[in-house]
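Data block below; observations after.
The values are calculated or read from the model by the stated rules, or taken from the named source; none is laboratory data. Since the structure is predicted, the reported quantities are computational estimates derived from the model, not experimental observations. Neighbour counts are summed over all protein chains in view; Cβ atoms, including those assigned to glycine, are modelled from backbone coordinates with ideal geometry.
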Amino acid sequence: MAYQQEGLLIDCGMPKPEEFPVFTSFWLERPGTTTDHLVVYALLDSPSVTGAYRFDIYPGATLVMDIDAALYPRKEIERIGIAPMTSMFSVAKQ
């Protein structure tokens, strides 16, 4: 079973279909011996947009994550949501 995780929401609540770009690839940076965080890189893709992400993840009592993203629209986008990464958007594919 594979999981599909959306990274954006396009045209939510509009009188046209919503679009959920998905992360298509992930890479982990090997941490050094003195590193205090994990770095994950990811690619996002959909018919309307593509993007590259970097997640700096700092574990601890409270996990902190710094996110850098570069988004490249393929067409005009009227409405975009930048943080739909919750469990309600997880889709299991078999």
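Pick out, from the chain, the strands (runs of 3 or more DSSP E) lying fully within it that include 2 or more residues that are aliphatic (A, V, I, L, M) and at pLDDT 90 or above.
Details: elements: 2-4, 22-29, 38-45, 49-58, 64-73, 91-93.
Per the criteria, 38-45, 49-58, 64-73.
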Provide a single number: the residues in the stretch 24-50 that are surrounded by 15 or more Cβ atoms within 10 Å (Cβ to Cβ) and in contact with an Asp or Glu (Cβ under 8 Å, 6 or more places away or on another chain). 6
Of the residues in the stretch 51-83, those that are surrounded by 15 or more Cβ atoms within 10 Å (Cβ to Cβ) and hydrophobic (A, V, I, L, M, F, W, C) come to F55, I67, L71, I80
